[in-house]
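Asker: This is the structure I have questions about; it appears just below.
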Amino acid sequence: MPLINLIHEQRQATRNNERKERMALAGLIATAVVCAGAWGSIWFAGENTKNEAAELQAQVDKLKPIKQAIQASEMQFNALSPRLATLQDAAMSTQRWGRVMDHLSHNVPTGVWLTQVKCMQAAVTDPVSIELQGLAPSQELASEFILRVQASEDLENVVLKSTSGDQVNERQLIRFEVKGDLVGTAKAAPAVDEKSEGTK
(Lines give C-alpha, C1' and ligand atoms only; values in the text may rest on other atoms or scores of the structure.)
Protein backbone atom coordinates (compact mmCIF):
# COMPACT_ATOMS: atom_id res chain seq x y z
CA MET A 1 0.00 0.00 0.00
CA PRO A 2 2.61 2.61 0.81
CA LEU A 3 4.31 1.84 -2.54
CA ILE A 4 1.14 2.55 -4.54
CA ASN A 5 0.65 5.88 -2.83
CA LEU A 6 4.18 6.95 -3.80
CA ILE A 7 3.58 6.09 -7.45
CA HIS A 8 0.43 8.18 -7.43
CA GLU A 9 2.32 11.11 -5.94
CA GLN A 10 5.12 10.69 -8.47
CA ARG A 11 2.62 10.69 -11.33
CA GLN A 12 0.94 13.71 -9.86
CA ALA A 13 4.29 15.51 -9.59
CA THR A 14 5.17 14.47 -13.15
CA ARG A 15 1.84 15.86 -14.39
CA ASN A 16 2.43 19.08 -12.50
CA ASN A 17 5.92 19.35 -13.99
CA GLU A 18 4.58 18.67 -17.48
CA ARG A 19 1.87 21.30 -16.98
CA LYS A 20 4.49 23.81 -15.82
CA GLU A 21 6.70 22.96 -18.79
CA ARG A 22 3.76 23.41 -21.18
CA MET A 23 2.93 26.76 -19.58
CA ALA A 24 6.58 27.84 -19.74
CA LEU A 25 6.75 26.71 -23.39
CA ALA A 26 3.52 28.57 -24.17
CA GLY A 27 4.91 31.65 -22.42
CA LEU A 28 8.16 31.33 -24.37
CA ILE A 29 6.29 30.97 -27.66
CA ALA A 30 4.06 33.96 -26.79
CA THR A 31 7.13 36.03 -25.91
CA ALA A 32 8.80 34.99 -29.17
CA VAL A 33 5.67 35.93 -31.11
CA VAL A 34 5.47 39.33 -29.36
CA CYS A 35 9.18 39.95 -29.95
CA ALA A 36 8.84 38.93 -33.60
CA GLY A 37 5.83 41.21 -33.97
CA ALA A 38 7.68 44.11 -32.32
CA TRP A 39 10.74 43.52 -34.49
CA GLY A 40 8.51 43.35 -37.57
CA SER A 41 6.81 46.61 -36.62
CA ILE A 42 10.16 48.31 -36.04
CA TRP A 43 11.52 46.98 -39.32
CA PHE A 44 8.37 48.08 -41.17
CA ALA A 45 8.56 51.55 -39.60
CA GLY A 46 12.26 51.75 -40.50
CA GLU A 47 11.54 50.81 -44.10
CA ASN A 48 8.76 53.43 -44.27
CA THR A 49 11.15 56.03 -42.85
CA LYS A 50 13.80 55.06 -45.40
CA ASN A 51 11.24 55.33 -48.21
CA GLU A 52 10.06 58.74 -46.97
CA ALA A 53 13.67 59.93 -46.66
CA ALA A 54 14.38 58.74 -50.20
CA GLU A 55 11.28 60.57 -51.51
CA LEU A 56 12.24 63.75 -49.67
CA GLN A 57 15.80 63.52 -50.99
CA ALA A 58 14.40 63.07 -54.50
CA GLN A 59 12.29 66.22 -54.02
CA VAL A 60 15.34 68.11 -52.71
CA ASP A 61 17.37 66.95 -55.72
CA LYS A 62 14.53 68.02 -58.01
CA LEU A 63 14.41 71.48 -56.38
CA LYS A 64 18.20 72.02 -56.45
CA PRO A 65 18.23 73.63 -59.95
CA ILE A 66 15.39 75.96 -58.91
CA LYS A 67 17.25 76.90 -55.72
CA GLN A 68 20.44 77.54 -57.69
CA ALA A 69 18.49 79.67 -60.18
CA ILE A 70 16.98 81.67 -57.29
CA GLN A 71 20.43 82.20 -55.77
CA ALA A 72 21.81 83.32 -59.13
CA SER A 73 18.88 85.73 -59.54
CA GLU A 74 19.43 87.11 -56.04
CA MET A 75 23.13 87.65 -56.80
CA GLN A 76 22.25 89.48 -60.02
CA PHE A 77 19.62 91.54 -58.20
CA ASN A 78 22.10 92.48 -55.46
CA ALA A 79 24.68 93.43 -58.10
CA LEU A 80 22.17 95.53 -60.06
CA SER A 81 20.35 97.10 -57.07
CA PRO A 82 22.69 100.11 -56.82
CA ARG A 83 22.26 100.81 -60.53
CA LEU A 84 18.50 100.46 -60.23
CA ALA A 85 18.45 102.84 -57.27
CA THR A 86 20.55 105.34 -59.24
CA LEU A 87 18.22 105.10 -62.23
CA GLN A 88 15.15 105.53 -60.04
CA ASP A 89 16.70 108.57 -58.35
CA ALA A 90 17.61 110.02 -61.75
CA ALA A 91 14.08 109.42 -63.04
CA MET A 92 12.57 111.12 -59.97
CA SER A 93 14.99 114.04 -60.32
CA THR A 94 14.18 114.39 -64.02
CA GLN A 95 10.45 114.36 -63.32
CA ARG A 96 10.92 116.93 -60.54
CA TRP A 97 12.91 119.26 -62.80
CA GLY A 98 10.38 118.75 -65.58
CA ARG A 99 7.55 119.80 -63.27
CA VAL A 100 9.54 122.85 -62.06
CA MET A 101 10.29 123.99 -65.62
CA ASP A 102 6.70 123.36 -66.68
CA HIS A 103 5.47 125.41 -63.71
CA LEU A 104 7.84 128.27 -64.56
CA SER A 105 6.88 128.21 -68.24
CA HIS A 106 3.20 128.64 -67.36
CA ASN A 107 3.54 131.06 -64.44
CA VAL A 108 5.85 133.84 -65.57
CA PRO A 109 3.72 137.02 -65.72
CA THR A 110 3.55 138.91 -68.99
CA GLY A 111 6.40 141.37 -69.20
CA VAL A 112 8.68 139.41 -66.82
CA TRP A 113 11.77 137.82 -68.33
CA LEU A 114 13.94 135.13 -66.79
CA THR A 115 17.58 135.72 -67.63
CA GLN A 116 19.28 132.98 -65.66
CA VAL A 117 18.42 129.72 -63.84
CA LYS A 118 21.13 128.21 -61.60
CA CYS A 119 21.16 125.30 -59.21
CA MET A 120 23.71 124.13 -56.67
CA GLN A 121 24.08 121.78 -53.73
CA ALA A 122 26.68 122.57 -51.05
CA ALA A 123 26.53 119.12 -49.43
CA VAL A 124 24.63 115.88 -49.88
CA THR A 125 22.71 116.56 -46.67
CA ASP A 126 21.60 119.98 -48.01
CA PRO A 127 18.77 120.38 -50.51
CA VAL A 128 19.47 121.45 -54.09
CA SER A 129 18.97 125.20 -54.21
CA ILE A 130 17.69 126.95 -57.32
CA GLU A 131 18.29 130.60 -58.16
CA LEU A 132 16.14 132.44 -60.67
CA GLN A 133 17.28 135.80 -62.03
CA GLY A 134 15.16 137.99 -64.23
CA LEU A 135 13.87 141.39 -65.24
CA ALA A 136 10.46 142.86 -64.52
CA PRO A 137 8.94 146.18 -65.53
CA SER A 138 7.75 146.80 -61.95
CA GLN A 139 8.10 145.62 -58.35
CA GLU A 140 4.50 144.38 -58.45
CA LEU A 141 5.17 141.98 -61.34
CA ALA A 142 8.37 140.74 -59.64
CA SER A 143 6.35 140.10 -56.46
CA GLU A 144 3.63 138.33 -58.44
CA PHE A 145 6.29 136.10 -60.02
CA ILE A 146 7.64 135.19 -56.58
CA LEU A 147 4.14 134.29 -55.38
CA ARG A 148 3.60 132.08 -58.42
CA VAL A 149 6.95 130.34 -57.87
CA GLN A 150 5.98 129.70 -54.23
CA ALA A 151 2.89 127.84 -55.49
CA SER A 152 5.06 125.10 -57.02
CA GLU A 153 4.80 121.80 -55.11
CA ASP A 154 8.42 120.98 -55.95
CA LEU A 155 9.89 124.17 -54.48
CA GLU A 156 10.10 125.24 -50.85
CA ASN A 157 11.63 128.12 -48.90
CA VAL A 158 11.18 130.42 -51.89
CA VAL A 159 12.43 133.91 -50.95
CA LEU A 160 13.45 137.10 -52.69
CA LYS A 161 17.22 137.35 -52.53
CA SER A 162 17.71 140.80 -54.03
CA THR A 163 16.28 143.45 -56.33
CA SER A 164 17.91 146.36 -58.06
CA GLY A 165 17.05 148.92 -60.67
CA ASP A 166 18.51 148.42 -64.15
CA GLN A 167 18.23 150.20 -67.46
CA VAL A 168 17.90 148.02 -70.55
CA ASN A 169 17.45 149.67 -73.98
CA GLU A 170 16.57 152.96 -72.32
CA ARG A 171 13.85 151.27 -70.24
CA GLN A 172 13.90 151.27 -66.48
CA LEU A 173 13.49 147.66 -65.27
CA ILE A 174 13.73 145.82 -61.96
CA ARG A 175 16.42 143.14 -61.81
CA PHE A 176 15.44 140.48 -59.24
CA GLU A 177 16.90 137.27 -57.86
CA VAL A 178 14.74 134.57 -56.25
CA LYS A 179 16.10 131.61 -54.32
CA GLY A 180 14.38 128.33 -53.31
CA ASP A 181 15.04 124.68 -52.48
CA LEU A 182 13.99 121.61 -54.43
CA VAL A 183 11.74 119.40 -52.30
CA GLY A 184 13.13 115.94 -51.42
CA THR A 185 16.72 116.52 -52.59
CA ALA A 186 18.33 116.61 -49.14
CA LYS A 187 19.63 113.20 -48.09
CA ALA A 188 20.05 111.91 -44.56
CA ALA A 189 23.51 112.07 -43.05
CA PRO A 190 25.34 108.72 -43.25
CA ALA A 191 25.23 106.74 -40.03
CA VAL A 192 28.49 106.86 -38.07
CA ASP A 193 29.57 103.61 -36.45
CA GLU A 194 30.62 104.40 -32.86
CA LYS A 195 32.82 101.28 -32.62
CA SER A 196 34.82 102.18 -35.73
CA GLU A 197 35.27 105.73 -34.44
CA GLY A 198 36.52 104.39 -31.10
CA THR A 199 39.19 102.29 -32.77
CA LYS A 200 40.61 105.22 -34.77
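The values are calculated or read from the model by the stated rules, or taken from the named source; none is laboratory data. Quick caveat, the model's predicted, so the values are computed rather than measured. Note that each Cβ is placed from the backbone with ideal geometry, even for glycine, and that neighbours are counted across all protein chains shown. Ligands, DNA and RNA are excluded from the accessible area calculation, which covers all protein heavy atoms including side chains. Shrake-Rupley method; radii C 1.70, N 1.55, O 1.52, S 1.80 Å.
Asker: State the percentage of accessible surface on the chain attributable to carbon and sulfur atoms; use a 1.4 Å probe and exclude ligands, DNA and RNA. Please list the in-between numbers first.
Answerer: Numbers: 9120 of 15410 Å².
Reported share for carbon and sulfur atoms: 59 percent.
Asker: Sort TRP113, TRP97, TRP43 by accessible area with a 1.4 Å probe, largest first. Spell out each step's value before the answer.
Answerer: Values: TRP113 180, TRP97 60, TRP43 135 Å².
Ranking TRP113, TRP97, TRP43 by accessible area, largest first, yields TRP113, TRP43, TRP97.
Asker: Here's something else I'd like to know. If you plug each phi of the stretch 12-20 into the Karplus form 6.51 cos²θ - 1.76 cosθ + 1.60 with θ = phi - 60°, what whole-Hz ³J(HN,Hα) values come out, in order, with x for Gly and Pro?
Answerer: Once rounded to whole Hz, the list reads 5, 5, 5, 5, 4, 5, 5, 4, 5.
Asker: Could you give me the ³J(HN,Hα) list for the stretch 45-61, computed from phi with Karplus coefficients 6.51, -1.76, 1.60 and θ = phi - 60°, whole Hz, x at Gly and Pro?
Answerer: Along the stretch 45-61, the couplings run 5, x, 5, 4, 4, 4, 5, 5, 4, 5, 5, 5, 5, 5, 5, 4, 4 Hz.
Asker: Run the 1.4 Å probe and let me know the accessible area of LEU114, rounded to the nearest 10 Å².
Answerer: The accessible area comes out at roughly 60 Å².
Asker: Taking the Cβ of HIS106 as the center, what net charge do the other residues with Cβ under 14 Å away carry, scoring Lys and Arg +1 and Asp and Glu -1? Show your work: numbers first, answer last.
Answerer: Working: positive: ARG99, ARG148; negative: ASP102, GLU144, GLU153, ASP154.
Value of the local net charge: -2.
Asker: Can you give me the distance in nm between label points at ALA13 and ASN51, each placed 7 Å from the Cα along the Cα-to-Cβ direction?
Answerer: Those two pseudo-labels are separated by 5.8 nm.
Asker: A further question on this structure: With a 10 Å cut-off between alpha carbons and a GNM built on the chain, which of SER73, SER41, SER152 moves the most?
Answerer: Looking only at SER73, SER41, SER152, the largest GNM fluctuation is found for SER41.
Asker: Normalised radius of gyration for the chain, please: alpha carbon Rg relative to 2.2 N^0.38 Å, two decimal places.
Answerer: Numbers: Rg = 48.4 Å, N = 200, 2.2 N^0.38 = 16.5 Å.
Taking the Cα Rg and dividing by 2.2 N^0.38 Å, one obtains 2.94.
Asker: Let me cross-check ARG11: its accessible surface, 1.4 Å probe, with only protein heavy atoms counted, in Å² to the nearest 10?
Answerer: 150 Å²
Asker: Taking amide hydrogens as modeled 1.01 Å from N in the peptide plane, which residues meet the under 5 Å criterion relative to VAL158, leaving out close sequence neighbours?
Answerer: Amide H neighbours of VAL158, under 5 Å, 5+ apart: ASP181.
Asker: Diagonalise the Cα gyration tensor of the stretch 13-58 and give the resulting equivalent ellipsoid semi-axes, square root of 5 times each eigenvalue, largest first, whole Å. Working shown, then result.
Answerer: On the way: eigenvalues 379, 3, 3 Å².
For the stretch 13-58, the semi-axes come out at 44, 4, 4 Å.
Asker: Still on this structure, I have one more. Ordering ASP154, ASP126 by how much accessible area each has at a 1.4 Å probe, largest first, what is the list? List each step's numbers first, then the result.
Answerer: Details: ASP154 20, ASP126 60 Å².
Most to least solvent-accessible, the answer reads ASP126, ASP154.
Asker: For the chain, modelled as a Gaussian network with Cα springs under 10 Å, which listed residue fluctuates most, GLY111, GLY184, GLY46?
Answerer: GLY46
Asker: Quick one: 3J(HN,Hα) in Hz for the stretch 167-178, Karplus 6.51/-1.76/1.60 with θ = phi - 60°, rounded, Gly and Pro as x.
Answerer: Karplus-based 3J(HN,Hα) across the stretch 167-178 equals 10, 10, 6, 6, 10, 8, 10, 9, 8, 10, 9, 10 Hz.
Asker: While we're here: Suppose all protein chains stay in the model; what accessible area per residue would a 1.4 Å probe give for the chain, in Å²? Walk me through the numbers before you get to the answer.
Answerer: Working: 15410 Å² over 200 residues.
Averaged over the residues of the chain, the accessible area is 77 Å².
Asker: Show GLU74, GLU144 ordered by accessible area, largest first, where the area counts protein heavy atoms only and the probe is 1.4 Å. Walk me through the numbers on the way to the answer.
Answerer: Working: GLU74 105, GLU144 65 Å².
Output order, biggest surface exposure first: GLU74, GLU144.
Asker: Another question about this same structure. Mind grabbing the accessible area of LYS67 for me, 1.4 Å probe, Å², rounded to tens?
Answerer: That residue has around 130 Å² of solvent-accessible surface.
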